[in-house]
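The values are calculated or read from the model by the stated rules, or taken from the named source; none is laboratory data. Just so we're clear, the structure is a prediction, and the values are computed from it rather than from any experiment. Cβ: placed from backbone, ideal geometry, glycine included. Neighbour counts: every protein chain shown.
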Amino acid sequence: MRVVELSAADTHDLRRRVLRVGTVTTSADFDGDESAVHLGVIVDSDVVAVSSWFDRRHPDRPGVVGRQLRGMAVEPSLAGTGLGSTLLSAGLERMRSGGAGLVWARARDTALDFYASRGFEVFGEGYVDLSTGLPHHDVIRII
Ligand SMILES: CC(C)(COP(=O)(O)OP(=O)(O)OC[C@H]1O[C@@H](n2cnc3c(N)ncnc32)[C@H](O)[C@@H]1OP(=O)(O)O)[C@@H](O)C(=O)NCCC(=O)NCCS
């Protein structure tokens, strides 16, 4: 298992299969993909987990250098086997060493426990994300 840097296009298959099923938007493209850092986990030359990290401060924490984590997705047959945690840790470390002080995400409510048990705080009121139609909360972690 290796954590590697990917191109945006390398993330699309997993984004589409995991994050764009039954959602309002079916596009796997995110605004700003061209300048984001994309990290993934490779097992046996397959991309089995993806994540994308955008140079974007949280609107309510404009004074802190922030990165927005988007598009966390793990191959469904491998969910719950530690790949997401490995990728999250590697990404947080990379953002910290790149000068960020905070990482935040617009998290699906179904993933809130995952983030909360990995050092993120739930921030603010819940909302329905327009591109998916699913309930979300922001989560923030100081790094
Ligand atoms: C959420 C997700 C990234 C976690 O990665 P993972 O590799 O499955 O997680 P790990 O094996 O490292 O850790 C297990 C944790 O993930 C949670 N988890 C497992 N499958 C999950 C799923 N399908 N959806 C949400 N959380 C899940 C478990 O509850 C467990 O939490 P706990 O350790 O706090 O009890 C991954 O399951 C996934 O891609 N889920 C669907 C897409 C999604 O919700 N992405 C996040 C969008 S904000």
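Below are the figures for this structure:
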quantity: Residue, farthest from the ligand (Cβ to nearest atom), within the stretch 124-133, restricted to residues that are on the phi < 0 side of the Ramachandran plot and loosely packed, with under 15 Cβ neighbours inside 10 Å; calculated: Glu125
quantity: Residue count for the stretch 11-41, restricted to those that are out of contact with any strand residue (DSSP E or B) (no Cβ under 6 Å at 6 or more places or on another chain), farther than 20 Å from Gly66 by Cβ and not hydroxyl-bearing (Ser, Thr, Tyr); calculated: 10
quantity: All positions within the stretch 97-110 that are within 13 Å of the ligand (Cβ to nearest atom) and touching a Gly at 6+ places or on another chain (Cβ under 9 Å); calculated: Val103, Trp104, Asp109
quantity: First in the stretch 90-106 and over 16 Å from Phe123 (Cβ atoms), second anywhere and within 13 Å of the ligand (Cβ to nearest atom) and polar (S, T, N, Q), Cβ under 9 Å, 6 or more apart; calculated: Ala90/Ser51; Gly91/Ser51
quantity: Enumerated strands (runs of 3 or more DSSP E) restricted to the stretch 85-143, each holding at least 1 residues that are small (Gly, Ala, Ser) and over 18 Å from Ala36 (Cβ atoms); calculated: 121-128
quantity: Boolean, Ser89 is among the small types (Gly, Ala, Ser) and under 23 Å from Thr132 (Cβ atoms); calculated: no
quantity: Answer residue from the stretch 1-26, given it is surrounded by 13 or more Cβ atoms within 10 Å (Cβ to Cβ) and polar (S, T, N, Q) and is modelled with the highest pLDDT among those; calculated: Thr11
quantity: Test for Ser89: is it surrounded by fewer than 15 Cβ atoms within 10 Å (Cβ to Cβ), under 21 Å from Ala9 (Cα atoms) and polar (S, T, N, Q); calculated: no
